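**Q** Below is a structure I'd like to ask you about.
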There are 4 protein chains.
Amino acid sequence: MAGNTFGVLYCVTSFGESHGPAYGGVVDGCPPGLELSNTDLQRELDRRKPGSSRHVTQRRESDAVEILSGVFEGKTTGTAIGFLVRNEDARSKDYAAIAEKFRPGHADYTYWQKYGIRDARGGGRASARETVVRVAAGAIAKKWLKERYGVVIRGYLAALGKNEIPFQSWDDVDRNPFFMANAGLVKKMEAFMDELRESGDSVGARVNVVAEGVPVGWGEPVYGRLDADIAAAMMSINAVKGVEIGAGFAAIAQKGSEHGDEMTPQGFASNNNGGVLGGISTGQDVTVSIALKPTSSIRLPRRTIDRSGRATTVETTGRHDPCVGIRATPIAEAMLACMLMDHALRHRAQCGDVVPPLKLDNPRKIN
Amino acid sequence: MAGNTFGVLYCVTSFGESHGPAYGGVVDGCPPGLELSNTDLQRELDRRKPGSSRHVTQRRESDAVEILSGVFEGKTTGTAIGFLVRNEDARSKDYAAIAEKFRPGHADYTYWQKYGIRDARGGGRASARETVVRVAAGAIAKKWLKERYGVVIRGYLAALGKNEIPFQSWDDVDRNPFFMANAGLVKKMEAFMDELRESGDSVGARVNVVAEGVPVGWGEPVYGRLDADIAAAMMSINAVKGVEIGAGFAAIAQKGSEHGDEMTPQGFASNNNGGVLGGISTGQDVTVSIALKPTSSIRLPRRTIDRSGRATTVETTGRHDPCVGIRATPIAEAMLACMLMDHALRHRAQCGDVVPPLKLDNPRKIN
Amino acid sequence: MAGNTFGVLYCVTSFGESHGPAYGGVVDGCPPGLELSNTDLQRELDRRKPGSSRHVTQRRESDAVEILSGVFEGKTTGTAIGFLVRNEDARSKDYAAIAEKFRPGHADYTYWQKYGIRDARGGGRASARETVVRVAAGAIAKKWLKERYGVVIRGYLAALGKNEIPFQSWDDVDRNPFFMANAGLVKKMEAFMDELRESGDSVGARVNVVAEGVPVGWGEPVYGRLDADIAAAMMSINAVKGVEIGAGFAAIAQKGSEHGDEMTPQGFASNNNGGVLGGISTGQDVTVSIALKPTSSIRLPRRTIDRSGRATTVETTGRHDPCVGIRATPIAEAMLACMLMDHALRHRAQCGDVVPPLKLDNPRKIN
Amino acid sequence: MAGNTFGVLYCVTSFGESHGPAYGGVVDGCPPGLELSNTDLQRELDRRKPGSSRHVTQRRESDAVEILSGVFEGKTTGTAIGFLVRNEDARSKDYAAIAEKFRPGHADYTYWQKYGIRDARGGGRASARETVVRVAAGAIAKKWLKERYGVVIRGYLAALGKNEIPFQSWDDVDRNPFFMANAGLVKKMEAFMDELRESGDSVGARVNVVAEGVPVGWGEPVYGRLDADIAAAMMSINAVKGVEIGAGFAAIAQKGSEHGDEMTPQGFASNNNGGVLGGISTGQDVTVSIALKPTSSIRLPRRTIDRSGRATTVETTGRHDPCVGIRATPIAEAMLACMLMDHALRHRAQCGDVVPPLKLDNPRKIN
């Protein structure tokens, strides 16, 4: 294992490089009997796809996925699900110039020094294009969680650079190219992005993800906490620099009398803990917020060094997202789905005989 | 595995409950030949110990550690290092009253519902006292990292509730009961804590941790990223609700031209990335910041329910830290040390034959 | 992880050396609610205990076990179960002479070369005394498998050196010091062992283990096969050099028309496959047979080299079993129990919603 | 994880079914800088290929492999190596008749009962065709072990049914369709196989595998023993029912004075232990022997039941190997190679700083 697999029981293995022939993944541990087709994966992949608006990279990829195993007559068999997404629009010549230099903010330098060799075309293995595998694996997890437990996982763009984007409605999210839950701000953000793109610079973003319907009891003590595993899953997404569960960093300034979520027979009175206490789900919404750094590939010239260590400058003229956060919502949803499914399976392995002793009217209720 | 083990190659397994006979741990994977004695572990355990000032819990524990295996004639043998810390001051009667109720902000409810049984004495397995195991395991990792690679890992309290505590000097950290890197603010914080304690309430905190001297190349692509593993390790610490690497959430509002750390032949010009690019260490300082929620055990009465689901109130009168963040610094250091050591071993397993092609004058240099 | 942990979901971690202060273990993943006490572990440990007859080592150990965590008010809580067995009769002086030499058949040379350091007292970590941890962990697994699924795991000594010991009755097994299922041969074997002990030499043994009542469906395809995991578990026992499932090596000479177990509505017509097909349990008895090499510690002088590589001879005069296989039956049972429990949990994690479509009258039935 | 991945650091994940579109695998953890091309994998795959003589299945597959990632400009990059082998000659109609019945000796019944669904075409996931993935992964391991450590891994057919086939020369192995190391017996075995094929029955086989040049020190104590991991790897191969290391089951009848391999300054005087002591390699040849059961698919009618549990008979008329052991040699070599490479990496992770204190003239020497 060298970093390309995650999950204990819902286990995802990934391979592929930006300009190689294909990306692919293997999902091991999916329960048998789940109806599954290429379409289920494609639907989520299309949400992440490049080229879907002028605000994201113009690389043209159909991202067509092919399931190669683990499904028979339309249902999962319980064996490993292999799938493939061929790369189609890999213009390696775009990268010839920068193969000799380390782009600031990119993994060029660290891969070079770690491995003594690197595939510089489009970032190679470090490219965010690898997230096709996550989104495909997450699509399976989402489907199973929904059918088996009624869990619904949704996310939205909560900030675009300095612009906060307050949540208004889930209905808005899939109706704008930003995954904003606020239709009223779309025009403003389009103008902001147009200006940004013209400037040749990039910005960061915040994405929030919420899982509704998670039963009480998922997660393990001490190191196998649900929130710890979610933190790893989120921080493993390209460009993520911070992760919050529930109140997150706001908890620092809170008093205990404010933060600790009171309980009533009807349910919890608040959700500062983000649906996780002691590493175990409470039955409330699991709420996660992540910070994505600005795209490192920008057209503005930047100081750097070349492979001989000499000072030089670099500007990146390929096709890039001016804000990687814009396409991150489906990815963050996918990672949350995978982690929840992993813990659903882990929980029933150990506690399959436990009937939760208490039944709250509505654990999610926030008075 | 049900959550009580972490690490791939530097592997820590933990057991014990707050009011059981003992905590213990097993460190598997430590290289042979490291000089090691109880004293090495005790030094770090004493930094975390309860009762060391009036600002923390008054539970009296010597936290004396005994190494039971894996060390022969003062050196590690390469076999599993087992160690034990006996509990001494476990007053279980303090908890009789609350065994029937779920304390807000605690894991009482989630353990009860997950397992159908819980050891309510002092939080049982969910008690932060479990961190003795982490600190002991971290002491071994710190020592090895220092001797083998010159890595130094240090942390400090960066905020106490609403009070920001700017970094002034590492020298200050071990000279005050808060692990503040700012001697000038100690009096103010002591007064703040005295007032807080009297009020019966609690506050959150921010702890920053820094690893200096980490070589370029530790960490793995995609899911096994160094920062992803650090995020999990930090979020697994009791009360942690947020984790940042480098610029963290501030990266949202940054432009790419500001965030992406430029390089020069002398080294990096800034460290927004917190010493990690593409999941792999850059050779710069690894910088981590965590948010700890306010202590859930407070003297103020709070609404909750009992084991039959009936409404009631609870106030917690045991011995508790009014701010769990105060003792968190050695714990966060320990978790960072364990993760770095794990990745040091993972790196040399796969890339033991690679000589990093480039030698910067001073990778840490920030012009 | 460096070899001292096994199991995916029923996970056992072990530490300790022959002449250190204690052996200990951590069982992680045990379901909550199982009644468990020191007595449950002690019963099995006493079966493995040294000094119980003149035919085994005369080292005097009470092997008293103390559970340190994971049990509350007599029941498992679902958290890590830590336990400890103190060493009492460690006569390190016995080993001073041989610390400088490598005993043939022992791990002395390999530990020395691997780690550059070794605890030579009693074999250190390589001592078969480590099996106390396995037997304790196996006692928990046995109990859970019995109570939850009615699985019964039993073993017996099937050969002692060149002497085959045909199975007669399970009732005989605990009534003789050899775990023979054949009361009629006890006297003969006692005489054989007395003569062997006098000669200063040692012999190998065969132990058979059987699990009855294993439901159909445990085990995973391809690499996670039940029989593959059992093979690893058995081969990890000190001195084991061979493992067979079902017909084992006899399958080489069989025809397909003889080996392939026919099925009838009443059940299987034979059990050449040893209760496992395609890596998954059939519902028949799981049958395992292992070969244990002769004890390497013998009184006869043997050629070897010392730590400087010079030729010398060594004879071992400490207290040793003249046949390590004699005490191996409870150990093999324990390892089989741990593996089966691991797979029971793994199976219900993935296939917890599957109802086996077919119900045989009596899968074990062999017409 | 549900059984389709193995290895800790040299980690192989597999997917695919006999009559699905393709088999594929992911090798994670291969060191960077190894020269690697499709040809390296193809060479080994061709040795395992069906249809290469009249003595094996006549299914026509080119088994052409395509590396999809992890290799750049002819060298491994250290990232995940994905590869694909398309199925070409899948005649699913052959299997329509038996989809309703459970073939004796096959995994039909266990998959059906475990998952409640099964891909019956050609055995689905349980088909031995999955071993293409192992052989491809093993080809990479073999190459790295050879180049980095000079390790050579070779195997041969040691028994075909009741016919023992004594080792004569490695040179003979690739010159006959059976991988026999004995050219003199080829004619006799061809006649034997012709007769067998005509009879419609099948036989078992024994395959021996040897790794030469393994340095001292690979393997871990207690559960992570080299021999334990090899045992699991071998037992995970389709049809394997027994595994021996070194003297194997012959060790039962040996005396300690015979079995324990004496040492001299020139090397070991014998190799009963098969190159492993205490779970750690000795520097001698690692010798492994496995028993393969007779092919379960035979033309003779056998009693069985159908999916409703009713008595019926089944004969298998598809294209099958009359002895699966004939093509098992490259598979067993591959599994041994993967395990050795895994342990090579694990060893240098933990013990990378250890210089083995002693240098034998020739550890393999057997006087």
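Conditions tested, residue by residue: (1) touching a strand residue (DSSP E or B) at 6+ places or on another chain (Cβ under 6 Å); (2) modelled with pLDDT of 95 or more; (3) assigned to a strand (DSSP E or B).
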{"residue": "B:Ala232", "(1), (2), (3)": "no, yes, no"}
{"residue": "B:Val243", "(1), (2), (3)": "yes, yes, yes"}
{"residue": "B:Glu258", "(1), (2), (3)": "no, yes, no"}
{"residue": "B:Asn273", "(1), (2), (3)": "no, yes, no"}
{"residue": "B:Gly283", "(1), (2), (3)": "no, yes, no"}
{"residue": "B:Val288", "(1), (2), (3)": "yes, yes, yes"}
{"residue": "B:Thr317", "(1), (2), (3)": "no, no, no"}
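**Q** Something else about it: Looking only at the stretch D:14-23, filter to residues that are farther than 16 Å from D:Arg118 by Cα and more than 9 Å from chain C (Cβ to nearest Cβ); which one of those is surrounded by the most Cβ atoms within 10 Å (Cβ to Cβ)?
**A** My answer is D:Tyr23.
**Q** Would you point out the residue of the stretch A:202-217, among those that are open to solvent by less than 20 Å² (accessible area, probe 1.4 Å) and either of a type in the set (Gly, Ala, Ser) or at the interface with chain B (Cβ under 8 Å from one of its Cβ atoms) (or both), that is nearest to A:Asp285 (Cα to Cα)?
**A** That would be A:Ala211.
**Q** Please state which of the following conditions A:Ser308 fails to meet, knowing it meets all the rest: (1) surrounded by fewer than 24 Cβ atoms within 10 Å (Cβ to Cβ); (2) hydroxyl-bearing (Ser, Thr, Tyr); (3) under 29 Å from A:Val203 (Cβ atoms); (4) at pLDDT below 95.
**A** The number of the failed condition is (3).
**Q** Over 28 Å from B:Phe249 (Cα atoms), open to solvent by less than 20 Å² (accessible area, probe 1.4 Å), in contact (Cβ under 8 Å) with a residue 40 or more places away in the chain and within 14 Å of another protein chain (Cβ to nearest Cβ) - does that describe any residue in the stretch B:151-158?
**A** No; the residues of the stretch B:151-158 include none that is over 28 Å from B:Phe249 (Cα atoms), open to solvent by less than 20 Å² (accessible area, probe 1.4 Å), in contact (Cβ under 8 Å) with a residue 40 or more places away in the chain and within 14 Å of another protein chain (Cβ to nearest Cβ).
**Q** To continue, here is another question. Which residue, of A:Lys365, A:Lys359, is open to solvent by 20 Å² or more (accessible area, probe 1.4 Å) and more than 30 Å from C:Gly70 (Cα to Cα)?
**A** Of the residues listed, the single one that is open to solvent by 20 Å² or more (accessible area, probe 1.4 Å) and more than 30 Å from C:Gly70 (Cα to Cα) is A:Lys365.
**Q** If you check A:Leu9, A:Leu41, A:Leu45, which single one turns out to be touching a residue at least 40 places away in the same chain (Cβ under 8 Å), aliphatic (A, V, I, L, M) and part of a loop (DSSP other than H, G, I, E, B)?
**A** A:Leu9
**Q** Output the residue which, of all residues in the stretch B:180-200 that are open to solvent by less than 20 Å² (accessible area, probe 1.4 Å) and in contact with a strand residue (DSSP E or B) (Cβ under 7 Å, 6 or more places away or on another chain), is farthest from the other protein chains (Cβ to nearest Cβ).
**A** The extreme case among them is B:Ala181.
**Q** Given the conditions (1) within 12 Å of the chain's Cα centre (by Cα); (2) within 7 Å of another protein chain (Cβ to nearest Cβ); (3) open to solvent by 10 Å² or more (accessible area, probe 1.4 Å), which single one is not true for B:Val243?
**A** Result: B:Val243 fails condition (3) only.
**Q** A follow-up question, please. Go through (1) open to solvent by 20 Å² or more (accessible area, probe 1.4 Å); (2) facing another protein chain (nearest Cβ under 7 Å) one by one and return the number of the condition A:Ile298 breaks.
**A** (1) is the only condition that A:Ile298 fails.
**Q** Counting only residues that are within 25 Å of C:His320 (Cα to Cα) and either without any contact (Cβ under 8 Å) to a residue 40 or more places away in the chain or over 26 Å from the mean Cα position of the chain (by Cα) (or both), which one in the stretch C:65-91 is nearest to the other protein chains (Cβ to nearest Cβ)?
**A** The residue in question is C:Glu88.
**Q** Return the residues of the stretch C:159-193 that are in a helix (DSSP H, G or I) and touching a residue at least 40 places away in the same chain (Cβ under 8 Å); say none if nothing qualifies.
**A** Scanning the stretch C:159-193 gives C:Val173, C:Glu190, C:Met193.
**Q** A further question follows. Which count do you get for residues in the stretch D:69-111 that are among the polar types (S, T, N, Q), surrounded by fewer than 23 Cβ atoms within 10 Å (Cβ to Cβ) and part of a helix (DSSP H, G or I)?
**A** Selection size over the stretch D:69-111: 1.
**Q** Being out of contact with any helix residue (DSSP H, G or I) (no Cβ under 9 Å at 6 or more places or on another chain) and crowded, with 19+ Cβ neighbours inside 10 Å is the filter here; which residues of the stretch B:27-68 pass it?
**A** Of everything in the stretch B:27-68, those that are out of contact with any helix residue (DSSP H, G or I) (no Cβ under 9 Å at 6 or more places or on another chain) and crowded, with 19+ Cβ neighbours inside 10 Å turn out to be B:Asp28, B:Leu68.
**Q** For the stretch C:129-143, enumerate the residues that are open to solvent by 10 Å² or more (accessible area, probe 1.4 Å) and among the small types (Gly, Ala, Ser).
**A** Listed by number, the list is empty, since nothing qualifies.
**Q** For the stretch D:218-233, give me each residue that is open to solvent by less than 10 Å² (accessible area, probe 1.4 Å) and within 18 Å of C:Thr287 (Cα to Cα).
**A** Answer for the stretch D:218-233, where residues must be open to solvent by less than 10 Å² (accessible area, probe 1.4 Å) and within 18 Å of C:Thr287 (Cα to Cα): just D:Ala231.
**Q** Is the stretch B:140-155 home to any residue that is modelled with pLDDT of 95 or more, among the acidic types (Asp, Glu) and in a helix (DSSP H, G or I)?
**A** Yes: the stretch B:140-155 contains one or more residues that are modelled with pLDDT of 95 or more, among the acidic types (Asp, Glu) and in a helix (DSSP H, G or I).
**Q** Any chance you could count how many residues in the stretch C:196-230 are within 15 Å of C:Gly325 (Cβ to Cβ) and part of a strand (DSSP E or B)?
**A** 6
**Q** Same structure, new question: State whether one or more residues within the stretch B:267-288 are of a type in the set (Gly, Ala, Ser), without any contact (Cβ under 8 Å) to a residue 60 or more places away in the chain and either within 8 Å of another protein chain (Cβ to nearest Cβ) or surrounded by fewer than 22 Cβ atoms within 10 Å (Cβ to Cβ) (or both).
**A** Yes: one or more hits.
**Q** Can you tell me which of (1) over 17 Å from the mean Cα position of the chain (by Cα); (2) open to solvent by less than 30 Å² (accessible area, probe 1.4 Å); (3) at pLDDT below 95 is the one A:Met1 doesn't meet?
**A** Tallying (1) over 17 Å from the mean Cα position of the chain (by Cα); (2) open to solvent by less than 30 Å² (accessible area, probe 1.4 Å); (3) at pLDDT below 95, A:Met1 fails exactly one: (2).
**Q** Could you count how many residues in the stretch D:339-367 are closer than 30 Å to D:Val186 by Cα and within 10 Å of another protein chain (Cβ to nearest Cβ)?
**A** Total satisfying the criteria: 0.
**Q** Another one. Could you please give the count of residues in the stretch A:319-348 that are part of a helix (DSSP H, G or I) and open to solvent by less than 10 Å² (accessible area, probe 1.4 Å)?
**A** 18
**Q** Tell me which of these D:Lys114 doesn't satisfy, since it passes every other one: (1) outside any helix (DSSP H, G or I); (2) on the phi < 0 side of the Ramachandran plot; (3) touching a His at 6+ places or on another chain (Cβ under 8 Å); (4) modelled with pLDDT of 85 or more.
**A** (1)
The values are calculated or read from the model by the stated rules, or taken from the named source; none is laboratory data. Being a predicted model, the structure only gives us computed values, none of them experimental. We place every Cβ from the backbone using ideal geometry, glycine too, and count neighbours over all the protein chains shown. To get the accessible areas, we keep the full protein, side chains included, count just its heavy atoms, and leave off ligands, DNA and RNA. Shrake-Rupley method; radii C 1.70, N 1.55, O 1.52, S 1.80 Å.
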